[in-house]
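Have a look at the structure below before the remarks.
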Amino acid sequence: MTRGSARTADAPTPPRRVLAKMVRALPLALAALCACGGARRSMFIQPNEERLDVRPLSAVLAGDAGAPRAAVVVKSHRVATIERKAIGPFEAHGAQGGLVAWIEAADRGGGQVLTVVPTSPDGAAMADARIVNPVPHEATALFVRPTGGTRGGWLVAWSALLDRGESLSIVGIAPDGSTRNAAADVQRTTDHIKWADIVPLAKGALVVWAEETPTGEANVLAAPVDSDGKPRGMPVRVARAVTGWAAVKTDEGVGVALVVPVAGNTTDAGSLSWMRLDADGRPAGAAVVVSPRATVSTGVDAVAIPGGALLGWTDRTGEDEQVMLATVDAAGKVRGPHRAMDAVGGTELAALASGPAGAALLWHEPRGREREMRTAHLALVTTQGDPAAQPITALDVASKVAPELAATEHGFAVLAAARSCVTGVTVGACDGPTMPTYVRLDARLTPVQAEPLYVSLPREEAALGWALRCAGDACVALAATGESPTPIYTVDLAPRASPFASPEVLPPPPDAAHVTGVTTVASGQPFIQLDATTIERTTLLATLTTTVDTVPKGQTKVRHGALAVVRAFDAQGRPLAEPTLLTSRGLPVGGVAIAAGGKPDDGAVVAWVARDADDPQVHLSHVDALGKKLGEVQLTRARGDASEVAVAWAGDGWIVGWVDGRDGNGEVYAAKVDRELNRTGPEQRITKAPGDAGDVAIAVKGETAWLTWADPRESPREGTADVYATTLRARDAKKTGEDVRVLATAAHSRSPEIVAAGDGALVAWIEDAPAGLDVGGMAMLARLDRLGHVVGAPGPLPVAAKGKATGVSLGVAGDGARAVVVRSAKDEVTLDAVSLRPDGTAGTPWALLDLDAPGSFEVSTALTPDAVFFDDVGASVSDHRVRRAAISWTR
């Protein structure tokens, strides 16, 4: 929830600040700001495996077998028409009916007026719109809440600008829409009223607000009013110098969550405290510290639960954002804070709700780049003992409009922009529009009803839906079209059997590879290559960054080398030791490679390239099982541009491969080193061909080593390469086979990867389309025998959807292998996973996850038996990160 928002137990929070700004611009900007979109082809499948009806949506809206349109979509009621810019409309709703209120410019004489419409329980207007109060000064915010007590009715408050400062005014409205008394000022201040809320109590209500001072911090105040909106006392200062807040009704009165800056903290995050207020707004005891650490930077959400309150916020202080939860009971006992859940990727709080069915959490995955659609996740929250959330359901919703969450008597409800689809029995695709959609969920968060918001007669798609309110199991929302003047509707969202499909994101089938968790393991300057290896249950990750140009003050520009770093992680991706810097003078063209030894005591070897005596040379670093550096050797000394290193364990030492320019062009070389990194024989020249070879990869099994590389020997001038392979003797790296062209193509073949599989090896690579052809690249796969000959016909490596393959990684899996393909489509990047049998046949590919990076981003990946490491962009262009996605290959 955005800073300064709040929620009460009786009525959910009005739309967020961004939505309020959207609605305020009605009707002139509504059409441009709506969540609607053009028709899109998409298909959702219900849990009962019904398929979507492919009839045109217009035909379905006409009714089945002559049924009236009103029987197909839910009822809507026109309650107002907004002709000028307005604040609102907003709504409060209860079992006896509701009130729609807004502030707009007066017809004559200048100034503004407060207008209200009382509604019945189904949202229908019970009377014409009525001006109930003049608003002589420019209003800035509006709040509508039910009043406490037995008489019913509503309290409407607004803030307005004064010549110096702002005012906060309130008026009581009877159930029929008439005023109960003249509007009264709750406060006049020289500061900015940044937030306010009205919390209904047994008699009247408590008005709570925040006044922002010129320093940017705020003071929180409270004042009691009676059920008619008349102030009962002077404002009470609750807290000073706070940066975030939320208020909620509790069994004892009102609870206020306060975000307080922490001395010495340089971020905008603060600590979190909880203060109880009595019915007069006075503190009922000292504030209770909920989170002493400065972890709350995006505001806090609070809902009432039996015996206390549930608090939620997003902690942005770590590598990955995480939703945090805590509970406070009536005695001030705090449980938490704890991470809400172990979820795929980071988590960001969208909303909390609590009702008779329990508590629920709406969250989404943080995104560095906004996409048209995103996944809204719903989780049940356990509040007995330590609070924890269990993800249950995911919905495919539009990114630009924040979804709303409300509690019903027997479950929960969501209002979000989603694609409109009709359920049926015909297999086909849905081409419905993206529009405001209501989704009712049962107590287990299973979707049981979906209703796109259609309004008017003939039916029109709503351009905007907001202010979801529920009483019992029936809900009402406001909706508007894109017309000008803008008609405003209430939509009756009572339980029923709906013909529309839920926009539910269904889990993958049991045989699908899927991600079980994502964590950020490194961040900073761009990472250009990754490689990983495992030592028992420990993973060692080697990373190579780009070079960095710096300009010390008063000096000329200095170019630093690339950083080669090793990090150690346990089976859950948690760091086991501090990162080890192998070199700060690495060369990006050399790449980085790592391979574990035969047993834990052997550790691992990392290969990289540095400039020695102004000549690039291959270096080897020996590290232990935690990545600690044990030694380093310079493997090559001949003058020539060494690059493209590769390394593999070969039984009693390591085989190292690289490209060397000592012969005038780039040729492939190999050498064998023992456990102490001593070379056991001379360097072996593998290729003798025109053109510059590149992209060396090695795999070893028994006495055979397969070596593969990209080679432009058939077109050295153009540099268009094919993938070649040969075999080496594992004991001394001597070449035992001829050079074999794996596949001759007109495209440029690059980035081969190779693993031992069955009695041979599998090699995968990328085919880039020839220049001038509008054809996407593809990943290819071939099988090699023990002599390095191609077995069968190489073919495309399947991917999960349309797109251009830009990278591939292979990993051993028993006698077979696994592959992760980097796929780019529509300026997005996705990682796909596919299992490979020993004979090279592929299983069904599945999409693992989307990256934040744009489609042009060159992604480096490294595959281990239970995870894939990949580089990605962060929240800003200059912020890069390496992430680990844990993979379950079967369920």
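Every condition in (1) open to solvent by 10 Å² or more (accessible area, probe 1.4 Å); (2) in a strand (DSSP E or B) holds for ARG369 except the one numbered (2).
Candidates THR147, THR115: the one that is at pLDDT below 95, in contact with a Phe, Trp or Tyr (Cβ under 8 Å, 6 or more places away or on another chain) and either basic (Lys, Arg) or on the phi < 0 side of the Ramachandran plot (or both) is THR147.
Within segment 823-861, the set of residues being acidic (Asp, Glu), more than 30 Å from ASP759 (Cα to Cα) and open to solvent by less than 30 Å² (accessible area, probe 1.4 Å) comprises just one member, ASP852. If you go through segment 621-643 and keep only what is over 21 Å from PRO600 (Cβ atoms) and open to solvent by less than 60 Å² (accessible area, probe 1.4 Å), you end up with VAL633, GLN634, LEU635, THR636, ALA638, GLY640, ALA642, SER643.
In the set (1) free of Cβ contacts under 8 Å to residues at least 24 places away in the same chain; (2) surrounded by fewer than 20 Cβ atoms within 10 Å (Cβ to Cβ), the condition left unmet by GLU409 is number (1). Regarding segment 554-561, can at least one residue be identified that is modelled with pLDDT of 90 or more and in a strand (DSSP E or B)? Within segment 554-561, none of the residues are modelled with pLDDT of 90 or more and in a strand (DSSP E or B). Does at least one position in segment 236-250 carry a residue that is open to solvent by 50 Å² or more (accessible area, probe 1.4 Å) and either of a type in the set (Ser, Thr, Tyr) or at positive phi (or both)? Looking through segment 236-250, none of the residues is open to solvent by 50 Å² or more (accessible area, probe 1.4 Å) and either of a type in the set (Ser, Thr, Tyr) or at positive phi (or both). Evaluated against (1) farther than 30 Å from THR393 by Cβ; (2) at pLDDT below 95; (3) in a strand (DSSP E or B), VAL521 falls short on exactly one condition, (1). Within segment 136-158, being free of Cβ contacts under 8 Å to residues at least 40 places away in the same chain and touching a Ser or Thr at 6+ places or on another chain (Cβ under 8 Å) holds for one residue alone: HIS137. Of the set (1) under 29 Å from ALA613 (Cα atoms); (2) touching a residue at least 40 places away in the same chain (Cβ under 8 Å); (3) over 29 Å from the mean Cα position of the chain (by Cα), all apply to ARG585 but (2). Scan GLY385, GLY336 and give me the residue that is touching a Ser or Thr at 6+ places or on another chain (Cβ under 8 Å), on the phi > 0 side of the Ramachandran plot and not hydrophobic (A, V, I, L, M, F, W, C). GLY336 is the lone residue from the list that is touching a Ser or Thr at 6+ places or on another chain (Cβ under 8 Å), on the phi > 0 side of the Ramachandran plot and not hydrophobic (A, V, I, L, M, F, W, C). In the list ASP663, ASP692, ASP674, which residue meets the criterion of being open to solvent by 10 Å² or more (accessible area, probe 1.4 Å), touching a residue at least 12 places away in the same chain (Cβ under 8 Å), acidic (Asp, Glu) and closer than 21 Å to ALA604 by Cα? The conditions single out ASP674. Residue count for segment 210-241 satisfying the condition of being closer than 17 Å to LEU258 by Cα and outside any strand (DSSP E or B): 3. Evaluate the following for ASP320: is it modelled with pLDDT under 90, open to solvent by less than 30 Å² (accessible area, probe 1.4 Å), closer than 19 Å to ASP268 by Cα and touching a Ser or Thr at 6+ places or on another chain (Cβ under 9 Å)? In short, yes.
Every test in (1) at positive phi; (2) open to solvent by 10 Å² or more (accessible area, probe 1.4 Å) is passed by LEU576 save one, and that test is (1). Scanning segment 281-305 for residues that are in contact (Cβ under 8 Å) with a residue 24 or more places away in the chain, over 27 Å from the mean Cα position of the chain (by Cα) and not in a strand (DSSP E or B) returns GLY281, ARG282, ALA284, GLY285, ALA287.
Note on segment 751-786: residues that are within 19 Å of ASP711 (Cα to Cα), part of a loop (DSSP other than H, G, I, E, B) and open to solvent by 10 Å² or more (accessible area, probe 1.4 Å) total 3. Count, please, the residues in segment 375-398 that happen to be open to solvent by 20 Å² or more (accessible area, probe 1.4 Å) and not in a strand (DSSP E or B). The qualifying residues number 4. Anything in segment 787-836 that is modelled with pLDDT under 95 and among the basic types (Lys, Arg)? List them, or say none. Result: LYS802, LYS804, LYS826. All conditions but one from (1) farther than 30 Å from ALA800 by Cβ; (2) modelled with pLDDT under 90; (3) touching a Lys or Arg at 6+ places or on another chain (Cβ under 9 Å) apply to VAL491; the one that does not is (2). Return the total of residues in segment 677-689 being among the hydroxyl-bearing types (Ser, Thr, Tyr) and free of Cβ contacts under 8 Å to residues at least 12 places away in the same chain. Final tally of qualifying residues: 0. The residues in segment 696-750 that are open to solvent by 20 Å² or more (accessible area, probe 1.4 Å), out of contact with any Gly (no Cβ under 6 Å at 6 or more places or on another chain), of a type outside the set (Lys, Arg) and not in a strand (DSSP E or B) can be counted, and the count is 14. Just one of the listed residues (GLY811, GLY855, GLY795, GLY807) is under 25 Å from SER523 (Cα atoms), out of contact with any Pro (no Cβ under 7 Å at 6 or more places or on another chain) and not in a loop (DSSP other than H, G, I, E, B), namely GLY807.
Here is a list of conditions, (1) modelled with pLDDT of 95 or more; (2) charged (D, E, K, R); (3) more than 41 Å from the chain's Cα centre (by Cα), and ASP163 meets all of them except one; can you say which number that is? Every condition holds for ASP163 apart from (1). Once segment 837-867 is narrowed to residues that are within 18 Å of the chain's Cα centre (by Cα) and among the hydrophobic types (A, V, I, L, M, F, W, C), the residue that is farthest from GLN572 (Cα to Cα) is ALA853. When segment 601-656 is limited to residues that are assigned to a loop (DSSP other than H, G, I, E, B) and at positive phi, the one that is nearest to the chain's Cα centre (by Cα) turns out to be GLY627. Aromatic (Phe, Trp, Tyr), touching a Phe, Trp or Tyr at 6+ places or on another chain (Cβ under 6 Å) and crowded, with 21+ Cβ neighbours inside 10 Å: is that true of TRP658 in this structure? In short, yes.
To keep it simple, each residue is scored yes or no on (1) within 24 Å of ALA474 (Cα to Cα); (2) part of a loop (DSSP other than H, G, I, E, B).
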residue	(1), (2)
PRO121	yes, yes
THR140	no, no
ARG145	yes, no
GLY152	yes, yes
GLY172	no, no
ILE198	yes, no
VAL208	no, no
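Residue-level analysis places ALA222 outside the set of residues that are among the hydrophobic types (A, V, I, L, M, F, W, C), surrounded by fewer than 23 Cβ atoms within 10 Å (Cβ to Cβ) and either touching a Pro at 6+ places or on another chain (Cβ under 6 Å) or farther than 25 Å from TRP466 by Cβ (or both).
The values are calculated or read from the model by the stated rules, or taken from the named source; none is laboratory data. Here the structure is a predicted model, which is why all the values come from computation and not from measurement. Methodologically, a virtual Cβ is constructed for each residue, glycine included, from the backbone with ideal geometry; neighbour enumeration extends over all protein chains shown. Just so you know, the surface numbers come from the protein's heavy atoms only, side chains and all, with ligands and any DNA or RNA stripped out. Shrake-Rupley method; radii C 1.70, N 1.55, O 1.52, S 1.80 Å.
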